[in-house]
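For reference, the structure discussed in these notes is given below.
What follows is calculated from the coordinates using simple rules that are stated; it is not laboratory data. Note that this is a predicted model, so its numbers are computed, not measured. Backbone-built Cβ (ideal geometry, glycine too); neighbour counts: all protein chains shown.
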Amino acid sequence: MGVDLQRANRIYQKLLTVAPNLMDIKRHTKSKASVYLDLSCDILESGRDYRRIALSHYWEHPFGDLIPDPDMEVSIFFDWELAEATTYRDVFIYENAYPVDGEPPDFHVHSRINDVLEQWLQNLADQGHMLVPKG
């Protein structure tokens, strides 16, 4: 069992549907799509052909706190046209596909959270979300 590279390429393509200018986003951007929750994108790490981002929906708790649900970290490899979820968090759980730095992923967690990411990106595209660089 290994990382599903075909799925990683599909995720990459779906991500670029929602964020076609992802390389140009400097720190943060947000998408508003009609009646749906806003989509936030934060650049966590940036290299020549690599980005690590956080994608999140936030809902407001009655006391005013913003709660991320879901919040996913995604690694994007532009030169290979691959993307993968590395973490998933919602109000109930936190999962890390790479619990030990430098080691292979926990393939069960990796598969599960990347299935979620692929479906979520499709839903975001269907809802009309578009992340564009600010300014």
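List of remarks:
- Qualifying residues in region 36-77 (those that are among the charged types (D, E, K, R) and assigned to a loop (DSSP other than H, G, I, E, B)) - the one nearest to the chain's Cα centre (by Cα): D38
- Hey, L15 in contact with a His (Cβ under 7 Å, 6 or more places away or on another chain), crowded, with 19+ Cβ neighbours inside 10 Å and either among the aromatic types (F, W, Y) or in contact (Cβ under 8 Å) with a residue 12 or more places away in the chain (or both) or not: no
- Residues being part of a strand (DSSP E or B) and either under 21 Å from D115 (Cα atoms) or touching a helix residue (DSSP H, G or I) at 6+ places or on another chain (Cβ under 9 Å) (or both) - total across region 1-35: 1
- When V91, V132, V116, V109 are screened for being more than 20 Å from S40 (Cα to Cα) and either without any contact (Cβ under 8 Å) to a residue 60 or more places away in the chain or of a type in the set (V, I, T) (or both), only V109 passes.
- Check on R10, in contact (Cβ under 8 Å) with a residue 40 or more places away in the chain, among the charged types (D, E, K, R) and surrounded by 13 or more Cβ atoms within 10 Å (Cβ to Cβ): yes
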